[in-house]
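There's a structure below that I have some questions on.
The values are calculated or read from the model by the stated rules, or taken from the named source; none is laboratory data. What you are looking at is a predicted structure, and each value in this text was computed from that prediction instead of being measured. We place every Cβ from the backbone using ideal geometry, glycine too, and count neighbours over all the protein chains shown.
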Amino acid sequence: MYLIVGLGNPGRNYVDTRHNVGFMTIDRIANKHNIEVIKSKHNALIGEGSINGERVILMKPMTFMNESGRAIIDCVRFLKIPIDNIIVICDDIDIPFGTVRVKKKGSAGTHNGLKSIINHTKDQNFPRIKISVGKKPAYMDLANFVLSRFSNDEKKVLDLQIDDAVEATELIIKSGVDEAMNKLNGVNHLA
C-alpha cells in the first residue's frame, strides 16, 4: 500500500495558488484513476483505490501546509504504512520552472510542509516529487509569492509539470524511485 500525499492549504482562498500544486496533482491522479478524494479522515481528505495493481490512498491534508505532518503521521500509524511507501508531492521554488524533480529522500530545505512531515515522522527517507513553481521575484516576500496564482502562460507549463508528477507517481509505484528519477529529472518544458 502507498500513501500519496499532495501538500497544500485547504479553503477557497488557496485554490490554484503556487503552494497548492500538490493538491492539484492529487486531483489529477484521482481523476485519471477514478478515485474520489472526499472522505474526511486523519485531518485530511482521502480517497482509496489502486494504481498499477497496488492499493493506494490519496491524501490532501486539511491542517494547512505548516502542519501537514500531523495528518500524515496519524494515517501512517493507523494503517502501518512504511515510510518509503509515502510519496509526497509539493511545490519547489529552488528548481527551474518547467521542471519536476523526484528524490528518494532528503532534508526539507526551506519547505515548511516537508519540515512538518520530517518532524512528525522522525524520518526523511520518503520519496518526494517536487514541482517547480518558479523563482520568487526579488521585490516579493516568500509567503506572498507561494500564495500567488500562476499567469495564463505559466498555467500551460504547469499543466505539463503536473502530468510529469502524475507519471512520476505511477513509475514509483510500478518500477521504483530510480526509474522515475531517470525518466523525469532531466525534463524541462521551457527548454
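Name the residues in segment 129-138 that are under 24 Å from VAL56 (Cα atoms) and aliphatic (A, V, I, L, M), would you?
Residues satisfying the conditions are ILE129, ILE131.
Among what's in segment 4-27 and is in contact (Cβ under 8 Å) with a residue 12 or more places away in the chain and aliphatic (A, V, I, L, M), pick the residue that is surrounded by the fewest Cβ atoms within 10 Å (Cβ to Cβ).
Step by step, filter segment 4-27, then rank; the result is MET24.
Also: Please list, ordered by residue number, the strands (runs of 3 or more DSSP E) wholly in segment 10-62 having 2 or more residues that are over 24 Å from LEU160 (Cα atoms) and among the basic types (Lys, Arg).
Once the strands (runs of 3 or more DSSP E) in segment 10-62 are filtered for at least 2 residues that are over 24 Å from LEU160 (Cα atoms) and among the basic types (Lys, Arg), what remains is 39-41.
Do we have ALA30 as farther than 17 Å from ARG128 by Cα, touching a strand residue (DSSP E or B) at 6+ places or on another chain (Cβ under 8 Å) and surrounded by 23 or more Cβ atoms within 10 Å (Cβ to Cβ) here?
No; evaluated as a whole, the condition is false for this residue.
Is it the case that VAL76 is surrounded by 17 or more Cβ atoms within 10 Å (Cβ to Cβ), touching a residue at least 40 places away in the same chain (Cβ under 8 Å) and over 14 Å from the mean Cα position of the chain (by Cα)?
Yes: the conditions hold for VAL76.
Could I ask something else about it? Looking at ASP159, ASP141, ASP153, ASP164, which is the one that is under 22 Å from LYS60 (Cα atoms), of a type in the set (Asp, Glu) and free of Cβ contacts under 8 Å to residues at least 12 places away in the same chain?
Exactly one of ASP159, ASP141, ASP153, ASP164 is under 22 Å from LYS60 (Cα atoms), of a type in the set (Asp, Glu) and free of Cβ contacts under 8 Å to residues at least 12 places away in the same chain, namely ASP159.
Find the residue count for segment 102-128, including only residues that are surrounded by fewer than 24 Cβ atoms within 10 Å (Cβ to Cβ) and either closer than 19 Å to SER68 by Cβ or modelled with pLDDT under 95 (or both).
Qualifying residue count for the region: 17.
Can you confirm whether ILE131 is under 15 Å from MET181 (Cβ atoms), surrounded by 19 or more Cβ atoms within 10 Å (Cβ to Cβ) and under 12 Å from the mean Cα position of the chain (by Cα)?
In short, yes.
Oh, and also: Taking segment 33-60 as the region of interest, how many residues are crowded, with 22+ Cβ neighbours inside 10 Å, modelled with pLDDT of 95 or more, closer than 18 Å to PRO82 by Cα and not β-branched (Val, Ile, Thr)?
Number satisfying all stated conditions: 2.
Another question about this same structure. Among the residues of segment 148-183 satisfying the criterion of being among the charged types (D, E, K, R) and under 15 Å from the mean Cα position of the chain (by Cα), which is nearest to ILE131 (Cα to Cα)?
Among them, the one singled out is ASP164.
Got a sec? Which of ASP91, ASP164, ASP84 is closer than 18 Å to PHE64 by Cα and not hydrophobic (A, V, I, L, M, F, W, C)?
Within the list ASP91, ASP164, ASP84, the selection yields ASP91.
Still on this structure, I have one more. Could you list, in sequence order, all residues of segment 79-101 that are part of a loop (DSSP other than H, G, I, E, B), touching a helix residue (DSSP H, G or I) at 6+ places or on another chain (Cβ under 9 Å) and surrounded by fewer than 18 Cβ atoms within 10 Å (Cβ to Cβ)?
Matches in segment 79-101: ILE81, PRO82.
I need a count of the residues in segment 136-159 that are more than 19 Å from GLY6 (Cα to Cα) and in contact with an Asp or Glu (Cβ under 8 Å, 6 or more places away or on another chain).
0
Would you say LYS105 is of a type in the set (Lys, Arg) and either touching an Asp or Glu at 6+ places or on another chain (Cβ under 8 Å) or not in a helix (DSSP H, G or I) (or both)?
Judged against the criteria, LYS105 is a match.
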